[in-house]
1. Would you check which residues across region 341-357 are in contact (Cβ under 8 Å) with a residue 12 or more places away in the chain and over 19 Å from I268 (Cα atoms) and list them?
2. At least 2 residues that are surrounded by 22 or more Cβ atoms within 10 Å (Cβ to Cβ) in each: list the strands (runs of 3 or more DSSP E) lying fully within region 344-444 that qualify.
3. Working only within region 275-329, note down all residues that are more than 25 Å from R229 (Cα to Cα) and basic (K, R).
4. If A340 meets every condition in (1) buried (at least 20 other Cβ atoms within 10 Å of the Cβ); (2) touching a Ser or Thr at 6+ places or on another chain (Cβ under 7 Å); (3) assigned to a strand (DSSP E or B) apart from one, which number is that one?
5. Going through region 312-337 one residue at a time, which ones are surrounded by 13 or more Cβ atoms within 10 Å (Cβ to Cβ) and among the aliphatic types (A, V, I, L, M)?
6. Which of the residues that make up region 343-363 are of a type in the set (A, V, I, L, M, F, W, C) and under 18 Å from the mean Cα position of the chain (by Cα)?
7. In the list L299, L342, L306, L312, which residue meets the criterion of being in contact with a strand residue (DSSP E or B) (Cβ under 6 Å, 6 or more places away or on another chain) and assigned by TED's automatic domain parsing to the domain that holds M363?
8. Take residues that are aromatic (F, W, Y) and touching a residue at least 40 places away in the same chain (Cβ under 8 Å) and tell me which of the strands (runs of 3 or more DSSP E) falling wholly in region 188-265 contain 1 or more.
Amino acid sequence: MMRSALSFACALLLFACTVPNVPVAPRAEAKLEAADADRWASFLARYLAIDTTNPPGNEANALPLLQETLSGMGLTSTVTDLGDNRANIYARLAPNMPTKKGPLVLLHHIDVVPVERDQWTMPPFGGLERDGQIYGRGAIDMKLVGMLQLAAMEMLTRQRDRLEREVIWLAVSDEEALGLGAQRAVADHMNEWLPDYLLDEGGFAVRDFMNGQDIVVVATTQKRPMKVRMIAQGDAGHGSRPIATGGPRVLAEALHRLDAHPRAARLIGTNVHLFEALGRIASFPKSFFLSHISWPGVLWLVEDSLSANKNLNPMIRDTVTPTMLEAGQKANVIPAEASAVLDIRLLPDTSPESLLRDLAALMEGLPVRFEVLEPPGPAVPEAPTDDPFFRGLTDAVRAHAPAAHVAPWTVVGANDSRFFAPRGVKTYGYVPVFLSKQQIDTIHGHDENVSKKELELGLRIYLDAMARTLLAPMP
């Protein structure tokens, strides 16, 4: 109640100014004929028809299609055999002119998550079209991105005389599990390639994101995943004689404490820029508070509202989510031990040691201990938003979708760029193909699909972005 009153009072006193998008002209090199758009849509359909479900992966089954496509551009591909019908593949496009600029890596993963076939209304590995939509597992995550990046390689081979830095197209295995393919690529090639930039998944474009406004977010960092088992050690007994100190009840109290005490809300640089952008499309008075979220006390005023939004809550705090529970072996026996697996996602600058200390303090007085199952990897530095490369990505959106708002984003899950960023590579998640909110829910869900019309626009934006960031100006 106090927060609402203060929020309303501040809103009456202050006004948030919106900043209009500056018009940007499309780059001539990004011109895309309708026949070429259809050709790339057909390629995506063929790619989706290859079942690369992980586990087991079988990513090597996609190699003939990828090699054929690269060869058609005059590019030589190199395959790294990972065993068990799994592989990475890459191709390099070097500029004709001498350059001191480090390469750009265009990264995507070949594997896809499993499907529940009986829940799909279209074949998950058919690549079929219905009502202007292309269906298939990977239509968004992330064979779509592999297609965008191949189209970019094709354009760049035709503009090689103006190419200012090398481009490395890289497709890897196992992103949906442990990232073994990306880790192998880093181990084998980082010291040779020395890339400056990397483009991956993690960003997205959404129609009618808020108040009828479209938004494109470019991922500039990501949270770090960590898996911890919380083990409650209580007393055992007969199920007919309830005891408050039984393992399951101790675990239930521990889970209640986790739910009642979420991690403190705070801001990192990327998310300040995100909320400022959202402030330009939100309704007043929310627009004011989002636009000025870095002001002292403003985050406190809007914390409840942001925490209630499942997409924005992870932006402002580390999250600790129970995902797997285990207790007992027989219905009439109270087990002494019960446990929960916690899916923890750390903001980039959170120390895992400090989080574990905080959890232990929260459980003071309870017989609970914590066991780290999967430690987090190195922190992912925030890629700069004042970098010319980032401006090229965002200007390409403005050139082809001038009404859309562009903002940086923090990936709340994880992707393969997390293995490159700690090595000094500026990594961005960039997928400028517009989706509906309903389509976003199909990612790792049922009937994953992408609009053929939006695919064409996304291709134009992606090609434009590559022209802006990689090609010397036309004479």
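1. From region 341-357, those in contact (Cβ under 8 Å) with a residue 12 or more places away in the chain are 341-350, 352, 355-356; that's our starting set.
Those that are in contact (Cβ under 8 Å) with a residue 12 or more places away in the chain and over 19 Å from I268 (Cα atoms): V341, L342, D343, L356.
2. On the way: elements: 368-374, 405-411, 426-429.
The qualifying strands (runs of 3 or more DSSP E) are 405-411, 426-429.
3. R280, K286
4. (2)
5. Residues satisfying the conditions are L312, M315, I316, V320, L325, A327, V333, I334, A336.
6. As a first pass, look at region 343-363 and keep what is of a type in the set (A, V, I, L, M, F, W, C): 344, 346-347, 355-356, 359-363.
Within region 343-363, I344, L346, L347 meet the criteria.
7. Working: L299 fails: in contact with a strand residue (DSSP E or B) (Cβ under 6 Å, 6 or more places away or on another chain); L306 fails: in contact with a strand residue (DSSP E or B) (Cβ under 6 Å, 6 or more places away or on another chain); L312 fails: in contact with a strand residue (DSSP E or B) (Cβ under 6 Å, 6 or more places away or on another chain).
Just a single option satisfies the conditions, and that option is L342.
8. On the way: elements: 197-200, 204-210, 213-222, 224-233.
Qualifying strands (runs of 3 or more DSSP E): 197-200, 204-210.
The values are calculated or read from the model by the stated rules, or taken from the named source; none is laboratory data. The shown structure was predicted, so the numbers you read here are calculated from the model rather than taken from an experiment. A quick note on method: Cβ atoms are made from the backbone with ideal geometry, for glycine too, and the neighbour counts reach across all protein chains shown.
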